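The values are calculated or read from the model by the stated rules, or taken from the named source; none is laboratory data. Computed from a prediction, not measured in an experiment: that's the story for all the values here. Here the Cβ positions follow ideal geometry from the backbone for every residue, glycine too, while neighbour counts run over all protein chains shown. Note: accessible area is taken over every heavy atom of the protein model, side chains too, but ligands, DNA and RNA are not part of it. Shrake-Rupley method; radii C 1.70, N 1.55, O 1.52, S 1.80 Å.
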Amino acid sequence: MENKNINSNSDKFNTSLNKLSIELTNKKVSFKEVSEIVTKEVCLVLNASRVIVYTISEVEKVLKAEVAYEVYTSSYIDANNKPLKTRVKYYEKLLNEKTIQINRIDSSLLVNPQDYTDAFSLLDSLIRMSNKVIGVLSVEQDMFERTFTANEVLYLGAVSDLLVLGIHSNQDKLTKEELDKSNKLSESIMNNLQGMVYLAKYKANYPLYFVSLGAKTLTGYDPVDFLNKTIKIEDLLSSDSVATYIEKKNKSFEKGVPFEHTYEITTKDGEIKLVFERSTFFLYDEFDNPVEIEGFITDMTEENHLHEAEIANRTKGEFLANMSHEIRTPMNAIIGLSDLALNETKLDYVYEYLKNIKSASNSLLNILNDILDFSKIEAGALDIIPEKYSVHDMINDIATMIYIRIGNKPIELIVSDTDLDDYIIGDTGRVKQIAINLLTNAVKFTKSGHVFFEIEEEKKNDSNLILTIKVTDTGMGIKEEDLKKLFKSFQQVDTKKNRNIEGTGLGLAITKNLCEKMHGSINVTSIYEKGTTFTAKIQQKADSSEVIKKPKKNTNLKVAVQLKDKILAASIIKKLKYLNVCYEENSILFSGVSHIITDELKSNLLALENVQIIINVNKLINSSAFSNVTVIHGPYTTMVLERILFKISKVEKNQEDKKLVLDDCSVLIVDDNEINLIIAEEAFMKYRAKTTTVDNGKDAIELIKNNKYDLVFMDHMMPDMDGVEATILIRKFNPTIPIIALTANVVGEVKKLFDSAGMNDFLSKPLDFKEIERVLQTSLKDNKYHFEVN
């Protein structure tokens, strides 16, 4: 049952304390030398950024750095300017506690907060001599927030005691009283260590003469039971393992090497525990013969369970990665072939069949994504990746997606998105996921009426803001007793009533976790059979280069709003006010009007000269015959309204009408699946690419050696040589060609794997045309593509 990883993690503290005890008491060293020994040892054992010994001036109430050891340089550094010495409030707080742990440094504890930006987390222990505080032993962690374990806290406390012992031991003369104090201190340290510490004579059966108080917690027996031989360590072992234990112990000592062994014991109460024991010589006679042994036995049961859980998590992660690949590969084929067939078919009923196949496939893909996200959350592997993003572009993307999901349902999507910065910093993908989850639920559980999508900003300071996403529906509502189930995994409320509504029951659990990951929260209010409101608040970073710019008054514009839906009309009027545009509601004469927003095309409207008509419809109509008509097949967002009214070139309908075209561009597609190659080749033909396909990594390498390609799309998982291996070899002779990973594996840190191999980007399967175009624009030179109007 030996487990080296567990053993090494458990015995390092005891081994370190034994080492320090010998080094600090067996030779004469100064206070500085004692501090150097301690700071280096603690830094390496705790794997910290740096460890510092401070002394305290009671008069000035400041901490002065004496010795500092840093892991980055593996050396002692000049600690004179460490700003901990200015922390008066911190000093006062520290005096009230033996050890103190601080995560994310509290600036209120600093005299000069701007001085101290290095460490994320601290673990400090007081150094006391004769009941007087003389200093602090401080552990610092940079780059990331760290929570120190209970064992690490105990270890640091014991080291600070040993530091004092070292100072005592190296004074020129030790009185008997001081010697007794030192002995008591050593005994106290051993009694405070977790597990059973013992000292024994090196003779037959290794008789014990000291056993720490930890023996009681570990075995159920008092230390005196071991000292008077009422019970022996061997008595705790099963009868068939005693012989192995004694033989291994004897052989270790005969060879002069430490004895290390993992085994099971039965405690006084009959509990089975897995323990690890280590013992070694620590005292020798004048002829250098060993005479005494020191050792410890520590409980490994919990760590073994954690280790088993870690293996189980790793196995689950590998399974999920394989599942992702195995499911996404055929999904890529189904969705890809559906897209190709939809573009070719002329028969209405076949078109409907194919559309339903694609819709069902996308639903299955959404379920898979939920399961994978939930698994990442369970494994603590769901990352938030901040970047600068356009708030209005994000809102428009979300609203358009939800509008399509509404389809023919008699639901109006109302978007409130005024007074927002153009750009902020955060994980736009995860923010979208929160909004889409809430809006999708609203649409699913609403038969008719309205879904309100509101986005608001609240500035906390120059660098932080709170983004509020509020979704209100006029749907079936939630019973009060069901509200507590909402954010639990794999649960849907009122399952009998909602049995025909699709979903895994993971969406809100994932949403809640995402909000918390972004230092936010989510809450819900609901009236049964009336409607529900979800409010998510998340923290984002303000972009200092961007401020809310109020549009200037435009006296040339006057908009008439003539809509049956009064709530939608009120929402549009709010946007017109924000845009500083003159407006009339339910106008009949239309005098001086430049634009009309309506939901009906009437002959008297079309007869108006020099008036632009914006029509909101839920179904496609042919407006090409009317040059003055703009059709919006989606919700009115502030961005869309502004673009249409102010004739900004990037109008919504132009986005659909423009297509990206490649110019004399050669693309190599590598995939071991024949259907995937057909789909990818057809997809890139849409952009007029010159495509070459190959089904393995080795042939891809030869093609790249002998031909010129502008872009390579490389499948990740292939037999014999996968895409990562092939890319590493390609980079040896061609470091510049853009290589994009094609992957059905979206679990774990796959992006880091691609980055380390030298890949430029990746596309997840099933392929998405928006993502393909993003990659084409970011990976190709400007002269390799252009846009054409359909």
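Along the Cα→Cβ direction, 7 angstrom out, place labels at F787 and A341. What is the inter-label distance in nm?
3.3 nm
Within 11 Å, Cβ to Cβ, of D761, how many net charges do the neighbouring residues add up to if Lys/Arg are +1 and Asp/Glu are -1?
0
Students sometimes get this wrong: rank T693, T555 by accessible area, probe 1.4 Å, all chains present, largest first.
Highest to lowest solvent-accessible surface, that is T555, T693.
Please give the contour-minus-distance gain from Y423 to E773: 0.36 nm per residue of separation, less the Cα-Cα distance, rounded to one decimal in nm. Please list the in-between numbers first.
On the way: separation 350, 0.36 × 350 = 126.00 nm, distance 2.22 nm.
Full-extension gain reported as 123.8 nm.
Using the structure shown, select from K19/K273; K517/K574; K459/K784; K249/K273; K447/K575; K447/K537 the pairs with a Cα to Cα distance greater than 31 angstrom.
Too far apart for the 31 Å limit: K517/K574; K459/K784.
Students often check this: by mean Cβ neighbours within 10 Å, which of 32-39, 529-536, 728-735 ranks highest, and how do the rest follow?
32-39, 529-536, 728-735
Normalise the Cα radius of gyration of region 512-615 by 2.2 N^0.38 Å (N = residues in it) and let me know the number.
Its radius of gyration relative to the 2.2 N^0.38 Å reference: 1.56.
With a ≥ b ≥ c taken as the square roots of the eigenvalues of the C-alpha gyration tensor of region 562-614, please select rounded if a/c is under 1.5 and otherwise prolate if a/b is larger than b/c or oblate if it is not?
It comes out oblate by the Cα gyration axes.
So how much slack lies between E254 and K517, counting 0.36 nm per residue of separation and subtracting their Cα-Cα distance, in nm?
Full extension of this stretch gives 89.1 nm more.
Skip the ligands, DNA and RNA, and give the accessible area per residue of region 670-790 with a 1.4 Å probe, whole Å².
On the way: 6130 Å² over 121 residues.
I get 51 Å² per residue for region 670-790.
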